[in-house]
Amino acid sequence: MKHKPHSHSVPHHAGSPRTLRQIDPGSAARVAGFAAGTASELRERLLAYGLIPGQTLSVIAQRPVTVIQIEHTELALEDTLAACIEIAAAH
Amino acid sequence: MSSELTASVPPGLLLVGQPNVGKSVLFHALTGRYVTVSNYPGTTVEVSRGTAQALGGLPVLDTPGVISLPSRTGDEHATTHALLGEANATLLQVGDAKNLRRTLQLTVLMAEMGRPMLLALNMIDEAEARGATVDAAALAAELGLPVLPTVATRGQGIDALRAAIPRAAVPRFRLEYPADVESTLDRMAAPLAPLGEGCGIAPRALGLLFLAGDGELEGWLEGRLGEGTLDTLRALRDALQLESTEPLAAVLQQTRMAAAERIAGRVIRQAPQAAGSFAQRLGARAVHPVWGWPILLAVLYAIYGFVGEFGAGTLVGLLEEDLFGGIINPWFEGAVRALVPWPWAADLLIGEYGLWTMGMTYALALILPIVTTFFIAFGALEDSGYFSRLTVLSNRSFSKMGLNGRAVLPMVLGLGCVTMATLTTRILHSPREKLIVTFLLALAIPCSAQLGVVMGMLAGISFTATLIWFVVVLAVLVTVGWLANRVIKGRRIPLMTELPPLRLPAVGNVLTKTWARLKWYLIEVIPLFLLGAFILYVLDRIGALPWLIEAGEPLVTGWLGLPKEASAAFLMGFLRRDFGATGLFAMGAALSPAQMLVGIVTLTLFVPCFASLMMIVKEHGARRAALMVALIVPLAFFLGGLLRFALAAAGWGQ
């Protein structure tokens, strides 16, 4: 997986918001919501771990899987799951 | 004082909380009863019971961790089941102080159960080390229940907790859900009310679980409500769902999470965090796509050195050759010959298949030192939090088998004991994953006892032999897993798991755990070893053993190329795989390195021990268990023979 060095500055279409998968390791992000079509059981689990809209998290790694930190929990998410989490645009 | 205490003692105490927050440590602290404790989520998969003597014999129940309710996996269902079944038990939620928001979203649900309740904020030391201070008194006021900071592993706060238990009351707390949810809950209250008294859960909480679609509750209700009432409830739920674009469970969860966020914001003070500690950086390295592998190899090599060379080499040498072979057995044999006049009875004790010379010597001199070193190494790793990192590292490999990295936990546990590991497959999310992992465990994962013997034998041949064995077994594991993924229908579930912090293993916990496992091991193993030696003795006496050995000759000698006496080892392997491996070990110099390797590989793949077979029957039914055995036995011999010819072709170890 290649990372765009400044993916947050790349404009994106309104129809496809940025997902957690596209956030560079070492940076922080704010959860906007879940992608349409995210299974309900998955939503519940992600919510239970604290991935609620408005929550900030930091991305620790993107390989071999996405690793994030919320509060003091480190959570590992496979790329298909990370792609279900939409990230709020900066500011 | 004691009479006053007894008078107010609640009928029971139910420990609930999220995975890996320390429920089992607290359970041990309260009851003195040891249940396995580790630093990874999913260690407890069944409800454990004990009694707290200091609280007038109060029954205490430890439950598997639930991230949130409704319950979704088998181990989580066990928790809902305990909640419904233990009417009137006081709830003790154990929470991770450093993850207060997550803890509180469960608290705000539990607090409405209508049960007396307390909250233990465990690992408060780790929260403080990360710069977070929690105002326990303010939190108690917010929630209307006692909140007690604890560090269960070091016994801090336990006395205060013990004192607070008899005083726990039903919390004065009510979370306001969205208006349409509230009105549905109101309408569900009447049909659910008669049940509330029986199970001691407030109708409102039952309604919340029902709306979220808890499978365990649904089944429980079916047995207690008329079909008409249940249909009414389902209709109310469906109507509510139609009003919302989000699944109901997610709506409820979001409400709780928002409440948790508000409360946490008011009671936590977070100091700015310093740069990551050494443990945090090491933790990140351990899951790094490049650095992770050398770290894994280093860990494996350390286990090999400690268990294979020190345990199976040095310690076994001291015990088997010097202590048993040189001192105890000659003395014992002399005493038996002198005191027992009947040769058949003397043979029963000290003959080739003697209860003492085979059964006890195998168990105490060969296996005991090996499993002890293995349990120590394994316990230290469990405590360190490293196993969860393996989940991430191995995810890609497991995805080829239709599994995700979480499958590594039962697999690694299988290296300890395949029986326990088969039970642990309950942490997996789908029956399909459970089935594949159980089959792979039965086929290709050697348990600690067997692994120890195998490592000892392989280390005695050469490192190359160890490597060949490892590669062959791994290749079988991956290939069969890959095939199983094609054959068994269903969807793969992507990985989501928590990575607990890396910690230095606590010597006390590792030793307690090693001792608990050893005790269990000796109780299980010694009778089976004695039984195994006895069966062989009887077969030998009545002349059936030579016949069986002859009968096995085409397979054992013709196909595998082993001396026909090795048949006895495979026969023993039916009882326990390590018993079989030990049988090969005892043949020692009679086997060439290649023969030894073929024998070891075949036995590694061979049927699981009797106890784990029973566990497979329990978890998957007799039909599937029989099918697994019918697949595994021919496969083991087939691959063993292939290896023989491959080694011969390569000219290795002839």
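The values are calculated or read from the model by the stated rules, or taken from the named source; none is laboratory data. On a predicted model such as this, the values are computed, not experimentally measured, just so you know. FYI the Cβ positions are ideal-geometry reconstructions off the backbone, even for glycines, and counts take in every protein chain you see.
Structure above, values below:
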{"item": "Failed item in (1) more than 14 Å from chain A (Cβ to nearest Cβ); (2) surrounded by 24 or more Cβ atoms within 10 Å (Cβ to Cβ); (3) among the aliphatic types (A, V, I, L, M), with residue B:412 passing the rest", "result": "(2)"}
{"item": "Some residue of segment B:393-406 being within 14 Å of chain A (Cβ to nearest Cβ), outside any helix (DSSP H, G or I), surrounded by fewer than 24 Cβ atoms within 10 Å (Cβ to Cβ) and in contact with a Phe, Trp or Tyr (Cβ under 6 Å, 6 or more places away or on another chain)", "result": "yes"}
{"item": "Residue selected from segment B:253-277 under the condition at pLDDT below 80 and away from chain A (no Cβ under 11 Å), by the criterion surrounded by the most Cβ atoms within 10 Å (Cβ to Cβ)", "result": "B:277"}
{"item": "Boolean, residue B:604 is within 27 Å of residue B:462 (Cα to Cα), touching a Lys or Arg at 6+ places or on another chain (Cβ under 7 Å) and of a type in the set (S, T, N, Q)", "result": "no"}
{"item": "Matching entry among B:491, B:486 (being surrounded by fewer than 16 Cβ atoms within 10 Å (Cβ to Cβ), among the charged types (D, E, K, R) and modelled with pLDDT of 90 or more)", "result": "B:486"}
{"item": "Filtered residues of segment B:494-510 (kept if in contact (Cβ under 8 Å) with a residue 24 or more places away in the chain and either out of contact with any strand residue (DSSP E or B) (no Cβ under 9 Å at 6 or more places or on another chain) or surrounded by fewer than 16 Cβ atoms within 10 Å (Cβ to Cβ) (or both))", "result": "B:502, B:503, B:504, B:505, B:506, B:509, B:510"}
{"item": "Residues of segment B:18-60 that turn out to be hydrophobic (A, V, I, L, M, F, W, C), modelled with pLDDT of 80 or more and closer than 21 Å to residue B:124 by Cβ, as a count", "result": "6"}
{"item": "Some residue of segment B:583-595 being part of a loop (DSSP other than H, G, I, E, B) and without any contact (Cβ under 8 Å) to a residue 24 or more places away in the chain", "result": "no"}
{"item": "Yes/no for residue B:384 being without any contact (Cβ under 8 Å) to a residue 24 or more places away in the chain and closer than 20 Å to residue B:304 by Cβ", "result": "no"}
{"item": "Residues that are without any contact (Cβ under 8 Å) to a residue 24 or more places away in the chain and within 14 Å of residue B:624 (Cβ to Cβ), drawn from segment B:400-430", "result": "none"}
{"item": "Meets criteria (surrounded by fewer than 24 Cβ atoms within 10 Å (Cβ to Cβ) and in contact (Cβ under 8 Å) with a residue 12 or more places away in the chain) for residue B:59", "result": "yes"}
{"item": "Test: residue in segment B:107-129 that is over 22 Å from residue B:509 (Cα atoms) and within 12 Å of chain A (Cβ to nearest Cβ)", "result": "yes"}
{"item": "Restricting segment B:479-493 to residues that are part of a helix (DSSP H, G or I) and touching a residue at least 12 places away in the same chain (Cβ under 8 Å), the residue that is farthest from the other protein chains (Cβ to nearest Cβ)", "result": "B:480"}
{"item": "Any chance residue B:229 is more than 30 Å from residue B:134 (Cβ to Cβ) and more than 14 Å from chain A (Cβ to nearest Cβ)", "result": "yes"}
{"item": "Residue in segment B:174-195 that is surrounded by 21 or more Cβ atoms within 10 Å (Cβ to Cβ) and either more than 27 Å from residue B:242 (Cβ to Cβ) or in contact with a His (Cβ under 9 Å, 6 or more places away or on another chain) (or both) present", "result": "no"}
{"item": "1 or more residues more than 7 Å from chain B (Cβ to nearest Cβ): qualifying strands (runs of 3 or more DSSP E) within segment A:34-91", "result": "A:56-61, A:66-70, A:85-87"}
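Conditions (1) within 15 Å of residue B:100 (Cβ to Cβ); (2) surrounded by fewer than 23 Cβ atoms within 10 Å (Cβ to Cβ); (3) over 30 Å from the mean Cα position of the chain (by Cα), marked per residue:
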{"residue": "B:120", "(1), (2), (3)": "yes, no, no"}
{"residue": "B:126", "(1), (2), (3)": "yes, yes, no"}
{"residue": "B:137", "(1), (2), (3)": "yes, yes, yes"}
{"residue": "B:156", "(1), (2), (3)": "no, yes, no"}
{"residue": "B:170", "(1), (2), (3)": "no, yes, yes"}
